[in-house]
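S.K.: Dropping a structure here in C-alpha cells format, bear with me for questions.
Derivation of every value follows stated rules applied to the coordinates shown; laboratory data play no part. Because the structure is a prediction, the values reported are computed rather than measured. Because the Cβ atoms are built from the backbone with ideal geometry, glycine has one as well, and the counts that use them run over all protein chains shown.
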Amino acid sequence: MTTLGEKLAAAPLGHATAYPDTYDAALLFPLPRAPQRAELGIGAELPFDGADVWTAYEHTWLDLTGKPVVAMLSLTVPATSPAIVESKSVKLYLGSFAQSSFADGGDVAARVERDLSAATGAPVAVALVPQRAFREARIAQPAGESIDRIEATIDRYDVAPAFLRASGDEVRETLRTDLFRSLCPVTGQPDYASLSIGYAGPRIDRAGLLRYVVSYRLHAGFHEHCVERIFTDLVERCQCRELTIEARFTRRGGLDINPFRTNAGVPVPANVRTPRQ
C-alpha cells in the first residue's frame, strides 16, 4: 500500500514543474484523507460535518472569439470526501484553462465541478463570480470575540494540547484569533489563518487556548488536517458538547483554503473574504 509520504513525493508540490496553459484535468493530484485522520483516531464515522471552501482569485480562459475572460471561483469540497486535492495541482489545473476556449462561464464551472468531484470522490460545488460582480464581493471579519490581546507567556511552538482546559458551568460563546500559523509539510512555507471557534460546554480558558493556537507556529500540516486536529483536541480536552471551527487561510498562488468543521448542525457559511485575504 502506498503511504502518504510516498504519495506526496510524487505530487507537484515542492518540485519544479511546467505550467501548462491548455486545459488538462489530469493535472489534479488527489491525496487520501484517511491516513492523517487515522493519526487523530478518526475512522470512517466522522465526528464532524463541514467542508473545505477554496477561493480561486485568478481564473481565466478564452471565449469562442479568443478574447480572455476573468472570474473568481468558489469551490466547496465536502468533509466527507475520501480525498483532498493537493494545492499546487489545483493551481496547475486552473492555470491550464488560460489558453483554452469555452462557450461561457457556465461551461467552465461545469468542467471544474466535474473534474474536482472525480478527483475528490464526492460532489464538489462550484460557484463562478464573473468580472461584472467583483464589486459586490464582501469583506468581513470571522465571527467571535478576539483573544489576541490576552496576556500570556508563549514558550512552546510545537503542538501542545496540554494548554487546553475548561471548567465551570456550560457557556455558549464564539472566540476568534488571527495569530494562527503553521507550515506546509512539503515546502516549509508558512500558512497564516484567522480562526473562529464557537462552542457550547464548560468555559474554555482563553489564555490556554491562545497558547495552544500559537503552538502550531512551527507545526508542519495541511490546512484541513490542522483544523481537524484542533477540533479533536478541543472536544477531548475541553468537553465541548457543540463545536464549530472555521479557519480562513491567507492565499498562496491565487488560492485560499478555508476548512469548516462542526458537530452542531451548522451549515457551511457563505464564502465571505476576510481583510487578510
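S.K.: Across 5 Å bins from the origin, how do the percents of Cα pairs in segment 63-115 run, short distances first?
M.R.: In whole percents, the pair-distance histogram is 4, 15, 28, 26, 14, 8, 4, 1, 0.
S.K.: By how many degrees, between 0 and 90 and to the nearest 10, does the Cα long axis of helix 105-120 differ from the longest principal axis of the chain?
M.R.: Approximately 50 degrees, to the nearest 10.
S.K.: Spin-label point model (7 Å from Cα, Cβ direction): what's the E170 to L62 distance in nm?
M.R.: So the label points at E170 and L62 sit 6.1 nm apart.
S.K.: For each of R135, R111, count neighbouring Cβ atoms within 10 Å of the residue's Cβ, then give the residues from fewest to most. All intermediate terms of the calculation are to be shown ahead of the outcome.
M.R.: On the way: R135 6, R111 17.
Fewest to most other Cβ atoms nearby, the residues stand as R135, R111.
S.K.: I would also like to ask the following. Taking 0.36 nm per residue of separation and subtracting the Cα-Cα distance, what length does fully extending A264 through D104 add? Before the final figure, lay out the partial values.
M.R.: Working: separation 160, 0.36 × 160 = 57.60 nm, distance 3.86 nm.
Additional length available on full extension: 53.7 nm.
S.K.: I've got another one for you. Between E236 and Q131, what FRET efficiency comes out of the Förster formula 1/(1 + (r/R0)^6) with R0 = 30 Å and r the beta carbon distance, rounded to 0.05?
M.R.: Once the sixth-power term is evaluated, E becomes 0.05.
S.K.: Excluding the sites themselves, what is the longest stretch of the chain that contains no GluC sites (Glu not before Pro) in a DSSP loop with at most 16 other C-beta atoms within 10 Å? It would help to have the intermediate numbers written out before the result.
M.R.: Details: sites that count: E45, E151.
That would be 152-277.
S.K.: Something else now. Pick the calculated P(r) over Cα pairs in 10 Å bins from 0, in percent for this structure from (i) 6, 22, 24, 18, 11, 6, 5, 4, 3, 1, 0; (ii) 6, 28, 34, 21, 8, 2, 0; (iii) 7, 27, 30, 23, 11, 1?
M.R.: (ii)
S.K.: Between rounded, prolate and oblate, where does segment 134-266 land on the alpha carbon gyration tensor, with a ≥ b ≥ c its root eigenvalues, rounded for a/c under 1.5, else prolate if a/b exceeds b/c?
M.R.: Here segment 134-266 falls in the oblate category.
S.K.: Between the helical axis of 223-238 and the dominant principal axis of the chain, each derived from Cα atoms, what acute angle in degrees is found, rounded to the nearest 10?
M.R.: 20 degrees
S.K.: Please identify, among L73, L62, L116, the residue showing maximal mean-square fluctuation in a Gaussian network model of the chain using a 10 angstrom Cα cutoff.
M.R.: Most flexible of the set in this elastic network: L62.
S.K.: Let me ask you something else. Considering only the other residues whose Cβ falls under 15 Å of the Cβ of F134, what net charge follows from Lys and Arg at +1 and Asp and Glu at -1?
M.R.: Overall, the nearby charge balance is +2.
S.K.: For every helix of n ≥ 4 consecutive DSSP H residues, a contribution of -39,500 (n - 2.57) applies; sum these over the chain, divide by its total residues, and give [θ] at 222 nm rounded to the nearest 500 deg cm²/dmol.
M.R.: -6500 deg cm²/dmol
S.K.: OK, next. If you stretched the chain out fully between T250 and I154, how much longer would it get, using 0.36 nm times the residue separation minus the C-alpha to C-alpha distance?
M.R.: Length gained, T250 through I154: 32.2 nm.
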